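Contents: one structure, followed by commentary.
All of the numbers you see were taken from the coordinates with simple rules; none came from a lab. All of these numbers come straight from a predicted model, not from anything done at the bench. Glycine also receives a Cβ, built like all others from the backbone with ideal geometry; neighbour counts cover every protein chain displayed.
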Amino acid sequence: MTVILGAGLAGLSVSYHLGHERCLLLERASHAFGHVHTRTREGFTWDEGPHVSFTKNDYVRGVFAEAVGEELLEYPVGIGNWFRGRWIDHPAQSNMYQVPEPLRTRCIESFLETRRRRAMRVPANYAEWLDAALGPVFARTFPAAYTRKYWTVDPDRLGLDWIGKRFFFPTEEEVLAGARAPLDRQTHYITHVRYPRRGGYQAFASRLAEGARIQMETEVVGIDLREKRVCTSDGRILAYERLVNTLPVPNFIDMCGNLPDAAREAARALDCSSVWLVEATAPHPTQRPEHWIYVYDEDLLSTRINCTERLSPCNALEGHTGVQVEVYFSRHRPLPCREGTLCDKVVDELTVMGLLCPDLCPNGSRDIRASVHRVPWANVIFTRETAAALETIWSALEPFGLRREPSDTHPLTDWSAAKPVPQDSVLVMAGRFGQWKYFWTDDCVLRGRAVGMRA
C-alpha cells in the first residue's frame, strides 16, 4: 500500500494517478484540498488568496475543465498596484507614467544609468539582480519594498533560482515608452486566466478527489523510515510499501526517528512565511476593476488584495463586495500589530483605498463585516542557503528509499524535461512544501502525474 501524508492538491494528484484503490491518504484537517480548499460563509466564497489558473499545460487544463464540466470562466486579467495613494498599472516598471514626479524622473535616470553601464558583475542575490534589472531607485522603492512584505526578508537574503519568468525584465524602449503613456500590450507574464464559475478554485481539483481513500482528522506524529511505519496521534501504526510525503519538509524531518542531526539542523534552517487572510464584506458593488492588487507601502499591513466577486460573480451576494487581504509574517518579520487589531487596521486601509465605502452602505460602517483566517504555511522563502540545506536533507533520506531526481534542490521544475519518478522509490516527496519548491497548482498536478507514470 502507498501511504500519502496530506490530502492537498499534490497528495490527491498522486493518489489519482497511482490509482485511489492503491493509496491511503492521511489528512490532519477535517477537509481535503490543502491550499486550494475553498470556504463559503454567509453567501461569500473564499479561496486562500487569488487562486487562478493560467497554465498553458494542456493536460492540466483538461483535468480542470473536465472537473467543472466545462463550466468555467476565462478572461483577460487586470492587475493593479497601490503606492502612496495612487493606482499604478502592473507591472509598474512598464507603467511609470503613473509614478508621481520627481520620483518618476529619478527612476528613469537610475534605470538608464544602470543599463548603460555594461561592465557589471554577475548578481549574487535578488537585491543585486533587481538593481541591475531596474535601476536602484525603482528597485528599492517598489519590488524591494514588496519583497519585505511578501517574502518577509530583505531581497539580499534571497537567491536567484526561483525567479524564472516570473518577473518582467524590460528593455530601455519599453521603460521609456511606458514612462510617457500606456503601452499597447500587456507585459505581465499572466495575461488570461481561468476560474470555475461556481464552487471556488477547489472545484478545479474535485475530479482528483473523487474516489480517494482519505482518513480525515488523522495527525501523523511519528515515522519509522527503517521499519516503514507511520504512527498517528490516536495510537495507530500503519505499515507502508511506499510513502509519499506532501507535508512541509521541516515537519516531516521532525517526525522521522532515523535521521542524523545534520538533516534536522538543515530542516530547521528552511524558511517559510505565514499569512493572515482578512476577509471583509460590504453591501455595495465592487469599486475597482482589478482582479488583484499589490500594495508597496511598507507602513500598510495589506500586501496583496483581491475581490472575490471579480474572480467569479457567483463568489458573492449580488450587489456586494468581498475583499480579501493577505498580511504576511514569519520569524524574520513578525506581525507588526496585535492580532486583535488586525481586522480594524486592514478595514481602515481598504477604506482609504476606496475598496470599502461606508458612505455606500445603508447603515454606514456598521454594514462592513470582517474576519480573519490564519494560514501557517504560506510561501517557501528561497534564501541563498536553501539549496545546500535541501542537499543535506535529501542525502540523509537516500538510505531510506528516496531516489534523487534532477534539480531536486532547485525551486523550479521544467516539466517539458521531467521524467517519471522511479517506481522503486520507497520514499517520494511531492508538492510545494513536500519538495520545498516554488510550485503552483499545475506543478502539483503534474508532480502527481510523474509519480504515477511508468518509465
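Note: relative contact order over the chain, using C-alpha pairs below 8 Å and six or more positions apart, is 24 percent. Relative to the current alpha-carbon distance between Leu360 and Val375, full extension at 0.36 nm per residue lengthens the span by 2.2 nm. Whole percent per 5 Å bin, from 0 to the bin with the longest distance: what is P(r) over all C-alpha pairs of the stretch 93-180? Spelled out per bin, shortest first, that is 3, 14, 25, 26, 19, 11, 2. Note on Lys437: lysines with a C-alpha under 27 Å away, same-chain residues under 8 apart excluded, are Lys56, Lys149, Lys165, Lys228, Lys419. If each Cα of the chain is one equal point scatterer, what is log10 of I(q)/I(0) from the Debye formula at q = 0.12, 0.13, 0.14 Å⁻¹? Scattering profile of the chain, log10 relative to I(0): -1.12, -1.29, -1.44. Each Lys or Arg adds one and each Asp or Glu subtracts one; over the other residues with Cβ under 10 Å from the Cβ of Gln324, this totals -3.
Each residue of the stretch 280-287 was assigned a 3J(HN,Hα) from its phi angle through the Karplus curve 6.51 cos²θ - 1.76 cosθ + 1.60 (θ = phi - 60°); the sequence is 10, 10, 8, x, 8, x, 4, 9 Hz, with glycine and proline shown as x. Taken about its Cα centre, the chain carries a charge dipole of roughly 520 debye when the Cβ of each Lys and Arg holds +1 and the Cβ of each Asp and Glu holds -1. Between Lys56 and Ser407, the contour length at 0.36 nm per residue exceeds the Cα-Cα span by 124.2 nm.
Measuring between their Cα centroids, the stretch 323-355 and the stretch 56-115 lie 22 Å from each other. About its Cα centre, the dipole of the stretch 9-137 is roughly 800 debye, where the only charges are +1 on Lys and Arg Cβ and -1 on Asp and Glu Cβ. With all projection directions averaged, the alpha carbon convex hull of the stretch 184-261 covers 9.6 nm². Be a star and scan the stretch 9-47 for residues whose amide nitrogen sits under 12 Å from the point 7 Å along the Cα-to-Cβ vector of Asp234. Output list for this probe position: 27-28. For Asp414 and Asp184, the difference between the fully extended length at 0.36 nm per residue and the C-alpha to C-alpha distance is 79.7 nm. This model, with +1 at the C-beta of Lys and Arg and -1 at the C-beta of Asp and Glu, gives the stretch 93-180 a dipole about its Cα centre of some 60 debye. Modelled label positions at Phe169 and Arg333, each set 7 Å beyond Cα in the direction of Cβ, lie 2.4 nm from each other.
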